[in-house]
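All remarks here apply to the structure that follows.
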Amino acid sequence: MTLVKIVECVPNFSEGRRKEVIDALAEAIRSVEGVRLLDIEFDPDHNRSVFTFIGEPQKVKEAALKAADVAVKRIDLTKHEGAHPRMGAVDVVPFIPLHGTTIGECIELSKQFAEEFSSKHNVPVYLYAKSATRPDRVDLPNIREGEFEGLRELIGTDPEKDPDYGPKKIHPTAGATATGARNFLIAFNMNLNTTNVEVAKACANAVRNTTGGFVYVQGIGLDLPEKGMVQVSCNLTHPKRTKIHQVLEVVRMEAKRFGATVVETEIVGMVPLFSLLDALKYYLQPEKLDESMILDLYYLGGAEDPTAKTFTEMSLIEFGNQVRRARATPGGGSVAAAMGSLGAALVCMVTGLSLSGRKFAAIKEEMLKHRHACENDRGILMGLVEKDSEAFDQVMSIFKLPEETEVQKREREKKLEAATIHAAEVPLATMRHSLNAMEHAKIAAEKGNINAITDAGVAAHALMAAIEGAALNVRINLGNIKDKKFVDKTQAEVDRIISEGSKLKSEILEIVEARMKELAES
């Protein structure tokens, strides 16, 4: 099964009334081949539109940039009014890992978007959520405080409002933009049969994290004059832990105190199946209900089995069972990439444990930088688990081609050479990214949380095993490649990576031993 990397993007634009502008934004997104625009939501009271589209990472970034071009050209915040807080024509652009990607890869994608967008349009851009470079910028409301009008006075005068990218001044009509990587969230709104916005605010207070509600809920109370009611507008930032029906029931109870009821709800954008199943289980109380029982999943898109998994989606037990079979794939190359991914994950763990608390204040930004970079390597290594098996299978399939005529022999030979080169390049990529992760591991070992020092040591062992294991796969393929220039160049790189990796591993383990001794003596 081919591993496809799919990212979701859910940009919010400050336009919910002019249909021609909303259509132009949609057309810009649709113009990028390979990107699927799944949903468009717009609301005249909020004066805001939300687009949901998916595709391969770089294609999604391209679509987001094209839509942003339209927004900067056609949305003027000096003439904008609406119930929803906003600071930019392109207000927020989140990237969400959906399939075959990690949060680290989406962090990198958000930084690329921020750099390209700010450079082209001179719009200040802030990194938020998982991409945030400062703790106070994790939550979007902290960045957006004061909105367009307030930020217009502060950017360039208050260093706390300096953007991560772009000029230290607000764009005169397009304002400022936030972008970042985050996990999937559900935008869930509940409308109440009252015109008293204070009731909606009280309900929002009851469920919102910062006012004593659910940890993974953001919420505000809004007035909807065109509907003659008020709204409790919520983001469920971790819908597997805080579920739709839990928030709904608390809002219902709180509204009842004021003699109001929830008369309708709305989901803005897309929603994962598991969340709907959770709500269905709660209200219907079936003895059993899971994805395997959803008939539509078996024929939509021609899926034979909606529960089928790639190697990287499997549990460790399931992946191990795949490896132990008497089949060539997944084999040593896939296992090497998996070890590299696990080693990189340990580096992410150590740097992540070196962010909180006063004693890490001086290294926090440095640790965050290495954590983000290593998370990107981890995601790429995960993808290489699948790609290594695919490359081997491709070589094997070419051996089955006919070679009865001279033309067929030449064609087969040409395809075999190309496939074998590719089969060498995949484990070479495993070596490269494992070495990258090893460099981050050294910093983590030197400066990171001493209580996780052995984890940095295990990371070094795992990453070196990935390098040496992948090297075997590169070398065996080089023996079947006729392109001497490619062979010599690749062999030289293999030797260099092994040498640098061995040196780094030794240095890391020396640091680990020294800091273990320091810990024992303290």
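Near the amide H of Glu8, within less than 5 Å, lie the amide hydrogens of Ile96, Leu98, all on another chain or at least 5 residues away, with H placed in the peptide plane. For the pairs Lys66/Lys369; Lys409/Lys489; Lys59/Lys369; Lys130/Lys387; Lys243/Lys387; Lys19/Lys61, flag any whose C-alpha to C-alpha distance is greater than 32 Å. Checking Cα-Cα distances, Lys243/Lys387 exceed 32 Å.
Here the Karplus curve 6.51 cos²θ - 1.76 cosθ + 1.60, taken at θ = phi - 60°, turns the phi angles of the range 510-519 into couplings of 5, 4, 4, 4, 5, 6, 5, 5, 4, 5 Hz, with x standing for Gly and Pro. For the range 320-364, evaluate the Debye formula with one uniform point scatterer on each Cα (no solvent term) and list log10 I(q)/I(0) at q = 0.22 Å⁻¹, rounded to two decimals. Computed log10 I(q)/I(0) values: -0.75.
Relative to the longest principal axis of the Cα atoms of the chain, helix 19-30 runs at roughly 10 degrees. In loop segments of the range 408-509 as defined by DSSP, the trypsin sites (Lys or Arg not before Pro) with at most 14 further C-beta atoms inside 10 Å of their C-beta are Lys482.
Charges were assigned to the Cβ only: +1 to each Lys and Arg, -1 to each Asp and Glu. The resulting dipole of the range 6-181 about its Cα centre is roughly 300 debye. Amide H to amide H, with H built 1.01 Å from N, Thr194 comes under 5 Å of Val230, counting only residues 5 or more places away or on other chains.
Comparing Pro402, Pro427, Ile476 along the charge dipole axis of the range 384-522, the residue lying farthest to the positive side is Pro402, per the Cβ-charge model. Measuring how big the range 311-521 is from its alpha-carbon positions, Rg and Dmax come out at 19.9, 75 Å.
Taking the charge dipole of the range 190-344 about its Cα centre, with +1 at Lys and Arg Cβ atoms and -1 at Asp and Glu Cβ atoms, the residue from Leu248, Ala337, Leu192 reaching farthest to the positive side is Ala337. FRET efficiency for the pair Lys414 and Lys484, taken as 1/(1 + (r/R0)^6) with r the Cβ-Cβ distance and R0 = 25 Å, rounds to 0.90.
Computed over all pairs of different Cα atoms, the Kirkwood value for the hydrodynamic radius of the chain is 25.7 Å. Charging the Cβ of each Asp and Glu at -1 and of each Lys and Arg at +1, and nothing else, the dipole of the chain about its Cα centre rounds to 500 debye. The sum of -39500 (n - 2.57) across all DSSP H runs of n ≥ 4, divided by the residue count of the chain, sets its helix-only mean residue ellipticity at 222 nm to -17500 deg cm²/dmol. Magnitude of the charge dipole for the range 311-521, about its Cα centre and with charges confined to Cβ atoms of Lys, Arg (+1) and Asp, Glu (-1), is about 60 debye.
With θ taken as phi - 60° and the Karplus curve 6.51 cos²θ - 1.76 cosθ + 1.60 applied, the whole-hertz 3J(HN,Hα) list for the range 316-321 is 4, 5, 5, 5, x, 5 Hz, x standing for glycine and proline. Cβ-Cβ distance of Asp495 and Leu38, R₀ of 56 Å, FRET efficiency by 1/(1 + (r/R0)^6): the value works out to about 0.75.
Using R0 = 51 Å, the C-beta based FRET efficiency linking Thr211 and Val407 works out to 0.10. Here the 3J(HN,Hα) profile of the range 324-336, calculated from phi with Karplus coefficients 6.51, -1.76 and 1.60 at θ = phi - 60°, is 6, 5, 7, 9, 6, 10, x, x, x, x, 5, 5, 4 Hz, Gly and Pro shown as x.
Where both bridge residues fall in the chain, DSSP classifies roughly 80% of the beta bridges as antiparallel. As an equivalent ellipsoid, the range 6-181 spans semi-axes of 23, 20, 13 angstrom, where each value is the square root of five times an eigenvalue of the C-alpha gyration tensor, largest first. Note on the range 151-282: the C-alpha convex hull projects to 10.2 nm² when averaged across all orientations. Here's how it looks for Arg208: its modeled amide H is under 5 Å from those of Gly213, Phe214, which are all 5 or more places away or on a different chain.
Read the figures in this text as sums done on the coordinates, not as results from a lab. Keep in mind that this is a model prediction, so the values were computed, not measured. Glycine also receives a Cβ, built like all others from the backbone with ideal geometry; neighbour counts cover every protein chain displayed.
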